[in-house]
Structures are given as structure tokens and as C-alpha cells.
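Rule-based calculations on the coordinates, nothing more; no lab input. Computed from a predicted structure; not experimentally measured. Cβ placement follows ideal geometry from the backbone for every residue including glycine, while neighbour counts extend to all protein chains displayed.
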């Protein structure tokens with residue numbers, strides 16, 4: 001039976017690298033994958049999944065109004081798809097998550113989703129909330145804080161490296177805008193902001 005997986009973490013834990021390695025493993029064994037990434041994240045070009053260590057692959061885009069189950073089912077009419085992999089899964093909608101669950105349950109194709117659990121204010125992203133609720137398997141990818149403890153929080157910083165407390169939940173960025181911290185240091189940094 002195919003399953004829906006959610007691999008989650010703070011920033012810089014290697015989610016995208018792990019996704020690309022998983023896709024490579026399938027392909028190396030003669031199996032086909034179908035990759036998706038959020039249209040909102042165009043830091044590395046439109047329709048490209050790119051990791052910080054230099055790996056990249058072409059991907060289909062998802063936006064709020066797309067029906068992922070229909071797109072995947074349409075692809076299955078023309079070729080075999082042995083696994084679907086979703087990058088930036090935090091940007092999925094509730095509907096997307098249930099569509100992906102249907103891909104696993106009804107179409108028999110495993111779906112591996114990779115994303116952040118929370119935003120810079122410690123709020124669950126919509127996609128993460130629903131993946132945590134309905135995924136068959138939840139797997140945390142770990143990274144470390146500057147103190148060496150497990151990092152579980154994403155701190156947004158300004159151009160001077162100072163913590164940011166307020167703003168839109170979604171602001172695309174990498175190491176120039178976010179740092180992964182343990183909860184203790186996350187709270188210390190936020191409390192230092194006046």
C-alpha cells in the first residue's frame with residue numbers, strides 16, 4: 001500500500017537534498033518520479049528544485065488552484081510514475097494535502113513531501129498543519145542550532161542580522177533571511193527585539 005510521507009524540519013536541514021537523493025535512488029533503479037515545487041519560490045528559477053549543495057532538478061509547479069491528483073492522474077495515462085516528490089510542502093493547501101492522500105490511497109503512488117513545519121512566528125504553515133494531521137508517516141530531519149542543540153525554529157532576520165518579530169508569514173529567502181535555532185535561543189532572540 002502506498003503512503004503519504006511528510007519529512008519536516010527547520011531551515012537548512014537538507015530537505016531538498018534528501019528529496020533529490022530519493023528521486024535519484026528511484027531513477028537509478030529504473031523507476032520514474034514526478035517532482036513538484038511551489039510556484040511562489042522562484043529563487044533558483046521557475047520550475048527548478050535546487051539544494052544549497054548544488055543539486056538540482058526540473059519540477060512541475062503547484063499553485064493554490066491546481067488539483068494535484070488530476071495532474072498526477074493525467075501523467076499516469078502517458079507514463080508510469082513510481083513516486084511523487086513535493087518540495088516546499090509547507091506551501092500546499094488543505095485541498096492539496098487531501099489530493100495527495102488520494103494519490104497514495106486511490107492511485108497507489110507513494111507521495112513524499114518535504115517542508116518546514118512552522119514559520120518565523122512559530123505558526124504552522126497550512127500545508128504542514130494538514131500533512132501533520134493526515135500523513136501516514138511523519139519524519140523529522142534534524143539540523144543544529146548555533147549552540148549545538150537540535151534546531152526546531154526558524155528565526156527571520158533583517159539585513160543587519162537582527163531578529164524580526166512581525167511581518168507576512170511567507171517571505172521567500174534563504175540564509176540571508178532565516179536562521180535555524182533551538183527553541184531557547186529562538187525565544188531569547190525574539191525577546192531581545194523591542
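Over the chain, what is the percentage of antiparallel beta bridges among all DSSP beta bridges, to the nearest 5?
Details: 11 of 31 bridges.
Once the DSSP bridges in the chain are tallied, antiparallel ones form about 35 percent.
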- Between helix 94-107 and the chain: long-axis angle, C-alpha atoms, 0 to 90°, nearest 10: 30
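Show me the ranking of peptides 145-151, 80-86, 20-26, 180-186 by mean Cβ neighbours inside 10 Å, starting with the highest.
Ranked by mean Cβ neighbours within 10 Å, highest first: 80-86, 180-186, 20-26, 145-151.
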- Springs between alpha-carbon atoms under 10 Å, Gaussian network over the chain: tell me which of 179, 66, 53 tops the mean-square fluctuations. 53
- Query: Which of 31, 153, 11 moves most in a GNM of the chain, Cα contacts under 10 Å?
  - Reply: 31
- Message: If I stretch the segment between residue 142 and residue 107 completely, what's the gain in nm (0.36 nm per residue apart, minus their alpha carbon distance), one decimal?
- Response: 9.5 nm
- Message: What distance in nm lies between label points placed 7 Å from Cα along the C-beta direction at residue 158 and residue 56?
- Response: 3.2
- Message: Modelling each spin label as a point 7 Å along the Cα-to-Cβ direction, I'd like the residue 24/residue 63 distance in nm, to one decimal.
- Response: 3.2
